[in-house]
Every structure is written in structure tokens, then in C-alpha cells.
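Notes follow once the structure below has been shown.
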Amino acid sequence: MVGPAPSIPAGLMPEPGRSRVKVSRDRREDRQDSEKQSRACTDVQRRRLDGHGLGEDDGGRYELLTPDLTGSLEVVWVETQPGYDTAATPFRHHGEEFGLVISGRTIVHLDGVEHDLGPGDSIRYASTVPHWYSNPGPEVSRAVWVITPPTW
């Protein structure tokens, strides 16, 4: 069983009555396509992801936020302990990734270039670029990662 769902820090939320995201509606999305119905995933239904060379107790926790891996993307909740580092197993695969740090710090290493991200910082990159992650501490890092196509 997984702990309670994280709350979004107040500094990351838009002011009341103001939105940071412009929403537009594409009428083509109104199609009633039975194969593309929305599916929810509750906190209780999250499942822990293993693989990609990650050990069970390596300091990282990856949980699938999307209900399954049948869609075009996967969304992953990532928690890493101070000192966590995947340099020994860099990733490289087809697709694109987007990450948003909720709390703590995550350093994203892209082909030798470091991107130091803190709360509210985000990054997008082609997954074909060799990449790995580290948490320089001193606190747990919490982030949401979106990967397309699903790779787990």
C-alpha cells in the first residue's frame, strides 16, 4: 500500500481566479472513441515500478500514476533519498520526457550537462540523449515524470 497522495505546495498553485495554463478546446477531442476512454487511478491503485536496473532498496521509489501502460504516455511519481544516483546505469531510449520537481532537489544529467532542479522547476528532453538522475540532498526529492511512449 502506498502513502497518502502528495499535496502541491502553495507556491506552485496559481493565484485564485488566475491560471498559468491557457486551455483551448479542440472539437476533434469530442469524438466518442470507446478505445480512448478516460481511466482514473486512485492512490490505492498505484503500483510500484521496478526495473531499468534499479534495485529494490537503492534509495529511489517509482510509482505509476497512470492506470496502466496502454496509452501514449506514462506518468510516474518519483521519490529519491539524499545521495540517490543512477550514474552507474544511464538511461537512453526512444521518446521524450518531462519532469516537474515538487520538493527537494533533483539533478538531471543530460549527456554530461547538469540541470539542477528545485521545487517548481521543470525540464523536457529527448530520451534518446543519455540521461541519469541524482539527489544531492539534504532532503528527499519528490517529482512527477511524464514519459512518452511508456518505457516500463
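The values are calculated or read from the model by the stated rules, or taken from the named source; none is laboratory data. Because the structure is predicted, anything quoted here is derived from the model rather than measured. Neighbour counts run over all protein chains shown; Cβ positions are idealised from the backbone, glycine included.
Being over 16 Å from His115 (Cα atoms) and not in a strand (DSSP E or B) is the filter here, so list the residues in region 84-100 that pass it.
Passing the criteria: Ala88, Thr89, Arg92, His93, His94, Gly95.
Only one residue in Tyr62, Tyr84 is closer than 16 Å to Ser127 by Cβ, surrounded by 15 or more Cβ atoms within 10 Å (Cβ to Cβ) and either touching a Gly at 6+ places or on another chain (Cβ under 8 Å) or of a type in the set (Phe, Trp, Tyr) (or both), so which one is that? Before you say what the answer is, go through the steps one by one.
On the way: Tyr84 fails: closer than 16 Å to Ser127 by Cβ.
Only one candidate passes the filter, namely Tyr62.
Give me the residue from region 52-73 that is in a loop (DSSP other than H, G, I, E, B) and among the small types (Gly, Ala, Ser) and, out of that set, modelled with the highest pLDDT.
First pass over region 52-73, keeping only residues in a loop (DSSP other than H, G, I, E, B): 52-53, 55-59, 65-73.
Next, from what is left, pick out any that are among the small types (Gly, Ala, Ser): 53, 55, 59, 71-72.
Numbers: Gly53: 47, Gly55: 52, Gly59: 74, Gly71: 90, Ser72: 93.
Ranking the qualifying residues of region 52-73, first place goes to Ser72.
Does any residue of region 90-106 turn out to be surrounded by 16 or more Cβ atoms within 10 Å (Cβ to Cβ), at pLDDT 95 or above, among the β-branched types (Val, Ile, Thr) and under 14 Å from Gly60 (Cα atoms)?
Looking through region 90-106, at least one residue is surrounded by 16 or more Cβ atoms within 10 Å (Cβ to Cβ), at pLDDT 95 or above, among the β-branched types (Val, Ile, Thr) and under 14 Å from Gly60 (Cα atoms).
Right, Pro130: within 14 Å of the chain's Cα centre (by Cα) and exposed (fewer than 15 other Cβ atoms within 10 Å of the Cβ) or not? Reasoning before the result, please.
Values: within 14 Å of the chain's Cα centre (by Cα): no; exposed (fewer than 15 other Cβ atoms within 10 Å of the Cβ): yes.
No.
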